[in-house]
1. With modelled with pLDDT under 90, crowded, with 24+ Cβ neighbours inside 10 Å and more than 19 Å from the chain's Cα centre (by Cα) as the only criterion, which of Ala171, Ala210 stands out?
2. Quick check: anything in region 271-290 at pLDDT 90 or above and surrounded by fewer than 22 Cβ atoms within 10 Å (Cβ to Cβ)?
3. Out of all the residues in region 558-574, is one or more within 17 Å of Leu458 (Cβ to Cβ) and not β-branched (Val, Ile, Thr)?
4. Any residue that is over 25 Å from the mean Cα position of the chain (by Cα) and not hydrophobic (A, V, I, L, M, F, W, C) - is there at least one of those in region 535-542?
5. From the list Ala404, Ala445, Ala438, which one is assigned by TED's automatic domain parsing to the domain that holds Lys499, buried (at least 19 other Cβ atoms within 10 Å of the Cβ) and touching an Asp or Glu at 6+ places or on another chain (Cβ under 9 Å)?
6. For residues in region 354-390 being buried (at least 19 other Cβ atoms within 10 Å of the Cβ) and either among the small types (Gly, Ala, Ser) or not assigned by TED's automatic domain parsing to the domain that holds Thr335 (or both), which is nearest to Phe463 (Cα to Cα)?
7. Are any residues in region 407-435 in contact (Cβ under 8 Å) with a residue 40 or more places away in the chain and touching an Asp or Glu at 6+ places or on another chain (Cβ under 6 Å), and if so, which ones?
8. Would you check which residues across region 303-338 are under 23 Å from Arg84 (Cβ atoms) and assigned to a loop (DSSP other than H, G, I, E, B) and list them?
Amino acid sequence: MSTLLNGLAASSGIAIAPAYLLVGPDLSVNQQYSANENHEVKRLHDSFALTLNEVRTIRQHAHKSLGKRAAAVVDDQLAILDDRSLHAEILKKVNRDHFSAEWAIKKTADEQLKILEKMNDNDYLSSRATAIKDVTKRVLSHLMGVELPNPNLLDHRAIFVAQNITPTDTAQFDRRFVAGLVTDDGSRTSHFTIMSKTLSLPAVVGTENATKIIKNGDLLIVDGIHGKVIANPSEEEVDHYQRLAAQFDREQQEWGTLKDEQTVSTDGRHFKVVANVGTPIDVLDARQTGAEGIGLIRSEFLYAGSEQLPGEEEQAQAYKQILTEMPGQRVVVRTLDIGGDKKLGMLKLPQENNPFLGFRAIRIGLAKPEILRPQLRALLRSSVYGRLAIMFPMIATVEEFWQARKILDEERQHLLDEGVQVADNIEVGMMLEIPSSAVMADVFAREVDFFSIGSNDLIQYLFAADRGDPRVAYLYQELHPAVLRLVKQVIDAAHAEGKWVSMCGEMASNPLATPLLMAMGLDEFSMNSSSILHIRSLINQLNTRQLQPLVHKALNAVTAAEVERLIRQAVPKIIE
């Protein structure tokens with residue numbers, strides 16, 4: 001009898017192959033002390049040296065086999081191995097607290113992860129947590145004298161099943177033999193997604209118990225489209241997924257032809273489908289998957305993994321790199337958006353009972369201009385290298401936008417006075433994610449150049465429901481008429497002032513929402529790169545004029561379920 005496991009789709013595709021369990025040795029560490037600090041320090045130095053050589057070799061293999069882009073995902077591990085502050089903290093635990101080398105490593109890693117793993121909304125920070133776990137595992141293996149599994153030793157086509165697959169694991173893959181990936185843990189972190197897409201591997205993560213249920217050699221189906229894994233499938237299930245795999249391959253070929261074309265509905269309406277990115281390397285992924293620009297750069301990557309705030313020059317060079325990678329296409333950079341569940345080590349934020357409604361995003365920037373001003377100067381300096389747009393997050397009142405715009409204008413004038421060239425076509429807009437801003441959209445539309453609807457936060461604030469709390473997750477309803485009415489109100493208000501509107505939340509990549517958003521007049525859809533070609537293909541098959549009755553019915557519906565039924569009835573052959 002077959003067994004179904006549900007998880008998260010990390011990389012699209014379908015694979016059918018036997019399972020290969022990538023399960024390592026037990027590296028658990030108990031509390032240990034040592035009176036011989038010199039001996040423990042030497043053990044640490046030796047194990048770090050062995051790990052450094054090991055990771056460098058893995059990176060070289062990845063560069064040779066998979067290319068420069070794939071090799072770069074191992075750089076986090078190398079950076080941690082070269083992090084002197086981490087080394088100092090480990091050595092302090094040995095010399096001052098008399099910890100054994102193993103216990104000092106474990107305690108230091110746990111302290112770092114306790115901070116980082118609360119920040120899983122930020123791909124860069126969660127990938128650093130993954131890197132710390134990976135380095136810790138490798139250093140402990142050398143200290144304990146045990147071998148870790150080597151994926152490169154596989155000699156037949158199989159689906160890898162592991163508790164967690166790290167960038168250094170994937171960097172060792174032989175693409176001839178790896179058919180797909182399944183993990184117990186994990187989310188859609190940038191490094192895992194980049195590596196699995198580089199290898200064109202279907203991947204399902206977060207199954208929770210795949211390694212406990214699946215045995216070596218079990219036949220598996222990995223459905224990386226819907227986030228499902230079937231162990232020991234029936235003949236009927238195998239036949240069904242073989243047909244789906246063939247259909248997926250045909251769709252990929254068809255979608256690939258869209259990369260260099262415009263996104264136009266059947267009645268001639270032009271739309272932009274652009275990318276949300278969290279790191280500079282994601283920009284390359286966006287270009288390769290047909291993005292028509294960048295709708296959201298999460299600038300937090302510049303502030304993560306450091307003990308001090310990034311300087312103006314460092315930021316300017318990073319923005320310059322991104323802009324030059326997207327010649328002629330608009331790149332929207334969101335100013336620093338922290339607070340809520342996103343913390344930074346170098347910036348101590350107050351403890352709050354309800355941080356999602358507290359001191360965050362633009363509120364921090366306005367209260368601490370020593371953070372906002374250097375970022376704006378860096379953005380202005382980089383503006384001459386491309387088509388830059390600047391976006392302020394979490395704007396609740398028009399006064400906040402005025403304050404932020406005033407600081408931007410002041411820094412522009414300072415740069416011009418210093419003889420620094422600044423582009424004269426920079427668009428300045430705001431994330432629209434607070435219901436008060438949506439209600440006042442007609443007022444804001446007179447002040448901004450554009451809106452970007454942050455549907456994730458807008459929906460959770462609209463329903464007063466934390467989208468990360470499973471107990472109230474049922475209230476996060478993208479298709480609810482209340483959401484649709486608010487979105488249409490924003491679009492209409494912007495268009496009345498001749499301004500354009502983007503959406504950069506998850507709703508933008510929901511195929512069920514696409515017909516409604518098109519017909520309501522959304523100008524730009526911004527999403528993770530993996531969804532771009534699918535949504536572009538869908539838009540190309542729809543007629544905005546013919547969808548107007550659907551919009552009218554959806555806005556007058558009562559429930560999200562009713563709206564979904566209306567969409568499926570209106571476009572049954574396209575929305576599956």
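The values are calculated or read from the model by the stated rules, or taken from the named source; none is laboratory data. Bear in mind that the values here come from a model prediction, so they are computed numbers and not experimental data. Note that we place each Cβ from the backbone using ideal geometry, even for glycine, and neighbour counts take in every protein chain shown.
1. Values: Ala210 fails: modelled with pLDDT under 90.
Every option except Ala171 fails the conditions.
2. Taking region 271-290 as the starting set, the residues that turn out to be at pLDDT 90 or above are 271-276.
From what's left, surrounded by fewer than 22 Cβ atoms within 10 Å (Cβ to Cβ): 272.
Checked against the condition, which is being at pLDDT 90 or above and surrounded by fewer than 22 Cβ atoms within 10 Å (Cβ to Cβ), region 271-290 yields at least one hit.
3. Scanning region 558-574 turns up at least one residue that is within 17 Å of Leu458 (Cβ to Cβ) and not β-branched (Val, Ile, Thr).
4. Step one: list which residues in region 535-542 are over 25 Å from the mean Cα position of the chain (by Cα), which gives 540-542.
Remaining after also requiring not hydrophobic (A, V, I, L, M, F, W, C): 540-541.
Yes, the conditions are met somewhere in region 535-542.
5. Values: Ala404 fails: touching an Asp or Glu at 6+ places or on another chain (Cβ under 9 Å); Ala438 fails: touching an Asp or Glu at 6+ places or on another chain (Cβ under 9 Å).
Only one candidate qualifies: Ala445.
6. Once the filter is applied, the top-ranked residue is Ala361.
7. Glu427, Gly429, Glu433
8. Once the filter is applied, which keeps residues that are under 23 Å from Arg84 (Cβ atoms) and assigned to a loop (DSSP other than H, G, I, E, B), region 303-338 yields Tyr303, Ala304, Gly305, Ser306, Glu307, Gln308, Leu309, Pro310, Gly311.
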